[in-house]
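Engineer: Have a look at this one before I ask anything.
The values are calculated or read from the model by the stated rules, or taken from the named source; none is laboratory data. Every value quoted in this text rests on a predicted model; they were computed, and no experiment measured them. Here the Cβ is made from the backbone with ideal geometry for all residues, glycine too, and neighbour counts use every protein chain on show.
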Amino acid sequence: MNLNNVIFIMGVSGCGKSTIAQLLSKKLDIPFFDGDDFHPQSNIDKMSSGVPLNDDDRHGWLVTLNELAKRQLEDSNCIIVCSALKKSYREILNRGIQNQVKWIHLAGSFDQILGRLNKRENHFMSSNLLQSQFDTLEAPENAFVVNIGLNPEDIVEKIANKIKMKSEFGLFGLGVMGKSLSRNLAQKGFKISVFNREEKGTEEDVAINFKKAYKELETTQAYSDIEAFVNSLQTPRRIMLMVNAGKITDLVIKDLIPFLSDGDILIDGGNSNYLKTKDRYDYLKSKQINFIGVGVSGGEQGALIGPSIMPGGNKETYNLIKPYLESIAAKDANNLPCCTYIGEEGSGHFVKMVHNGIEYVEMQLLAEVYTILKAMGNNPDEIANILESWKAEADSYLLGITIDILRKKDGDDWLVNKIVDKAGNKGTGNWTTIATAQLGAPSTLIASALFARYTSFYKEERLWASKNFNINPSSLHLDLQDVLNAYQFARIINHYQGIKLISEAGRTYNWELNLSEIARIWTNGCIIKSDFMVELIPILKTDDNILKHATIINKLKALKPSINKVVSQCILNELTASCLSESVNFLNAYTISNSSANIIQAQRDYFGAHTYQRIDDDTGKFHHTNWN
Ligand SMILES: NC(=O)C1=CN([C@@H]2O[C@H](COP(=O)(O)OP(=O)(O)OC[C@H]3O[C@@H](n4cnc5c(N)ncnc54)[C@H](OP(=O)(O)O)[C@@H]3O)[C@@H](O)[C@H]2O)C=CC1
Ligand SMILES: O=C(CO)[C@H](O)[C@H](O)COP(=O)(O)O
């Protein structure tokens, strides 16, 4: 569905608004309303007796026109004529529909308009009255300005071209995600422009060839020239960057800046570091460019059929891109978009980063379950069948794809058996681990999952060590229900830790985060969507610490004996299960009333006089002992 637009034709009295609106209405085949027809009787009476309207008189009338526009937008495009001389008038006309309003300013000189008015039959406007119109006029920044010196047909042609030809949304970077998001936008009926760079001889016509490959891109404008791409967009321009995070994002922003205008919006849809998002926001603000950091999850397929979208930054800027993001987002069980405004600054990218941290752990847990089920004597098909049977209790996107992966054959063997066991990463797990350390929130599973990937990368050392340490995993004998319970236990701890990290960041950075809403937009479209995420929506409405909730406490208590058994058996049988074991260690540490941290405090005081507090002194005073 394409978004409808209201075209406000504005300008001082006598600039030809009604004539142009009538012709444009015919050309575009859309209804036209003359604002003057909507004045209340009191205004008409005042004007008839030659008394000029004041701002109070105009207020109700402008609200009426805004309501008219909103009503019209539900069904169709429309044209409304209104002088709208002051910025404050236009703000009322715009209210709630900013992103669907196009301003056309018919502009001319004082003499040009006075001469024209006085040529009209039965019409006389004093030069004083016209002068007061010019004095009142606050020229709009975002309007398409057309000089009234042209003949009406040419003016209409110009406006029609402007409205019809320009795209409403631009997508920069046609890699895996950019292609899918562009197709998604086009399938929703948006007129878009797309851009990809060209490398002579190696990569040519990427954007054009992409456009040619898909029917839904018929009206899409494809570019390899940045300036032409930018100029093909309606203002304020909305440009989504889908490029590699880091230096490339900065390079691309630098390339775009010379062609942008005040008020344009850059949307960074990549997995950018949340701190860099704040820096980029500040930098671009100094150049009058709006910048918004948007986390996108769902991979190639999700981006095409509906990703989960996590926008953060200035709320007003978000409102200008909201209809596009909400239209392309996945829908939850209540058909609401899996896209919600997260909060200020880099909060959208922070939440996406933690999403990836949780994702790292969910993936690692499935890898550990695979190790265990393999050690129990199952081949990949058999493991897939076991995981399939877990769907009733533990369904998730990642469980589903792991089943598909395990069933994939390559010749006579399973493809997984042929994949080199070195796990890559693109940075988000690393940043989440840094953030968890910086914010003092112990998301220990995310760190474990990250370090498990790093350890896997030492392939050559591992090969050497496996020969020299002679640690040989032996076969395991475990009940399948215990393995499932252990997996479920660790997943609860993972979600607790990830959400806790988001909550701590919210407190530290003063972002007003709605954790239940975040869980809601993670119930579809994203990589960590799961049945458990759906359970978390109501729980997070009452408490941001899920471990305080009776349902979760009872679940963990019931699952604990199984994870104790599974983790001990793994260790006794020389199997590595870092996230499973960390989850049980964490809950043991979290639930202990008297921990061994007293030893740490004593050690710190011994060597560094760091002092400690005493349990028999409730004043909270810090003590020091001369330990020697
Ligand atoms: N893949 C995924 O599952 C997900 C990825 N993301 C994030 O989305 C962003 C894009 O990811 P993805 O689509 O996978 O990445 P790709 O590597 O597939 O695409 C990267 C895009 O950036 C362009 N690009 C690279 N360098 C430059 C440059 N110097 N100037 C102009 N354009 C450049 C590439 O152009 P060219 O083709 O010419 O090299 C390409 O269009 C990343 O930040 C990623 O982390 C977010 C969610 C999921
Ligand atoms: O954001 C994503 C999924 O949500 C990307 O696929 C991301 O690249 C995954 O992280 P990594 O490459 O570090 O495994």
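Engineer: With the requirement that a residue be assigned to a loop (DSSP other than H, G, I, E, B) and farther than 25 Å from Phe586 by Cα, what does the stretch 500-532 give you? Talk me through it step by step, then tell me what you get.
Structural biologist: Of all residues in the stretch 500-532, those assigned to a loop (DSSP other than H, G, I, E, B) come to 510-514, 522-529.
Across the stretch 500-532, the qualifying residues are Asn510, Trp511, Glu512, Leu513, Asn514, Thr523, Asn524, Gly525, Cys526.
Engineer: So, restricting to helices (runs of 4 or more DSSP H) that lie completely within the stretch 380-499, which ones have at least 3 residues that are away from ligand 2 (no atom under 16 Å from the Cβ)?
Structural biologist: Details: elements: 380-394, 397-407, 428-439, 444-457, 459-469.
The qualifying helices (runs of 4 or more DSSP H) are 380-394, 397-407, 428-439, 459-469.
Engineer: Look through Phe134, Phe172, Phe144, Phe110 and report the one residue that is under 26 Å from Tyr223 (Cβ atoms) and at pLDDT 90 or above.
Structural biologist: Being under 26 Å from Tyr223 (Cβ atoms) and at pLDDT 90 or above holds for just one of Phe134, Phe172, Phe144, Phe110, which is Phe172.
Engineer: Moving on. Just a yes or no: is a residue in the stretch 510-525 over 17 Å from Trp390 (Cβ atoms) and in contact with a His (Cβ under 8 Å, 6 or more places away or on another chain)?
Structural biologist: Keep residues of the stretch 510-525 that are over 17 Å from Trp390 (Cβ atoms), which gives 510-525.
Still in the running and in contact with a His (Cβ under 8 Å, 6 or more places away or on another chain): 522.
Yes: one or more hits.
Engineer: Given the criteria in contact (Cβ under 8 Å) with a residue 24 or more places away in the chain and within 16 Å of ligand 1 (Cβ to nearest atom), does Ile528 qualify? Let's see the steps before the verdict.
Structural biologist: Numbers: in contact (Cβ under 8 Å) with a residue 24 or more places away in the chain: yes; within 16 Å of ligand 1 (Cβ to nearest atom): yes.
It is true that Ile528 is in contact (Cβ under 8 Å) with a residue 24 or more places away in the chain and within 16 Å of ligand 1 (Cβ to nearest atom).
Engineer: Further question on the same structure: Of everything in the stretch 455-472, what is in contact (Cβ under 8 Å) with a residue 24 or more places away in the chain and aromatic (Phe, Trp, Tyr)? Give them in sequence order.
Structural biologist: So the first thing to find is which residues in the stretch 455-472 are in contact (Cβ under 8 Å) with a residue 24 or more places away in the chain, and the list is 456-457, 459, 471-472.
Once the filter is applied, which keeps residues that are in contact (Cβ under 8 Å) with a residue 24 or more places away in the chain and aromatic (Phe, Trp, Tyr), the stretch 455-472 yields only Phe457.
A quick yes/no check of all residues on (1) buried (at least 24 other Cβ atoms within 10 Å of the Cβ); (2) in contact (Cβ under 8 Å) with a residue 60 or more places away in the chain; (3) in contact with an Asp or Glu (Cβ under 6 Å, 6 or more places away or on another chain); (4) not assigned by TED's automatic domain parsing to the domain that holds Asp279:
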{"site": "Ser327", "(1), (2), (3), (4)": "no, yes, no, no"}
{"site": "Asn335", "(1), (2), (3), (4)": "no, no, no, no"}
{"site": "Tyr341", "(1), (2), (3), (4)": "no, no, no, no"}
{"site": "Val361", "(1), (2), (3), (4)": "yes, yes, no, yes"}
{"site": "Gln364", "(1), (2), (3), (4)": "yes, yes, no, yes"}
{"site": "Thr371", "(1), (2), (3), (4)": "no, yes, no, yes"}
{"site": "Met376", "(1), (2), (3), (4)": "no, yes, no, yes"}
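Engineer: Let me ask you something else. What number of residues in the stretch 328-361 are among the acidic types (Asp, Glu), more than 15 Å from ligand 2 (Cβ to nearest atom) and under 25 Å from Asn184 (Cα atoms)?
Structural biologist: So in the stretch 328-361, the residues among the acidic types (Asp, Glu) come out as 332, 344-345, 359.
Checking the rest, the ones that are also more than 15 Å from ligand 2 (Cβ to nearest atom) come to 332, 344-345.
Filter once more, keeping what is under 25 Å from Asn184 (Cα atoms): 332.
Number of matching residues: 1.
Engineer: Return the total of residues in the stretch 399-426 being among the β-branched types (Val, Ile, Thr) and under 23 Å from Gly357 (Cβ atoms).
Structural biologist: Filtering the stretch 399-426 down to residues among the β-branched types (Val, Ile, Thr) leaves 401-403, 405, 416, 419-420.
Filter again for under 23 Å from Gly357 (Cβ atoms), leaving 401-402, 405.
The qualifying residues number 3.
Engineer: Taking the stretch 243-284 on its own, how many of its residues are over 20 Å from the mean Cα position of the chain (by Cα), buried (at least 20 other Cβ atoms within 10 Å of the Cβ) and without any contact (Cβ under 8 Å) to a residue 60 or more places away in the chain?
Structural biologist: Selection size over the stretch 243-284: 1.
Engineer: OK, next. Hey, could you check the stretch 285-305 for residues that are surrounded by fewer than 21 Cβ atoms within 10 Å (Cβ to Cβ) and not charged (D, E, K, R) and say which is nearest to ligand 2 (Cβ to nearest atom)? Spell out the reasoning first.
Structural biologist: Filtering the stretch 285-305 down to residues surrounded by fewer than 21 Cβ atoms within 10 Å (Cβ to Cβ) leaves 285-288, 299-301, 304-305.
Within this subset, residues satisfying the condition of being not charged (D, E, K, R) are 286, 288, 299, 301, 304-305.
Details: Ser286: 30, Gln288: 31, Gly299: 6, Gln301: 11, Leu304: 14, Ile305: 15 Å.
Across the stretch 285-305, the extreme among qualifying residues is Gly299.
Engineer: Restricting the stretch 468-491 to residues that are surrounded by fewer than 12 Cβ atoms within 10 Å (Cβ to Cβ) and polar (S, T, N, Q), which is farthest from Ala394 (Cα to Cα)?
Structural biologist: Selected residue: Asn468.
Engineer: Okay, next question. Is there a residue in the stretch 250-267 that is farther than 18 Å from Gly170 by Cβ and assigned to a helix (DSSP H, G or I)? Can you show your working first?
Structural biologist: To start, the set of residues in the stretch 250-267 that are farther than 18 Å from Gly170 by Cβ comprises 250.
Pick out the ones that are also assigned to a helix (DSSP H, G or I) and you get 250.
Checked the stretch 250-267: at least one residue is farther than 18 Å from Gly170 by Cβ and assigned to a helix (DSSP H, G or I).
One line per residue, one yes/no per condition, for (1) among the β-branched types (Val, Ile, Thr); (2) crowded, with 16+ Cβ neighbours inside 10 Å:
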site: Ile163; (1), (2): yes, yes
site: Val176; (1), (2): yes, no
site: Gln187; (1), (2): no, yes
site: Lys191; (1), (2): no, yes
site: Val194; (1), (2): yes, yes
site: Lys200; (1), (2): no, no
site: Glu204; (1), (2): no, no
site: Gln221; (1), (2): no, yes
site: Ser224; (1), (2): no, yes
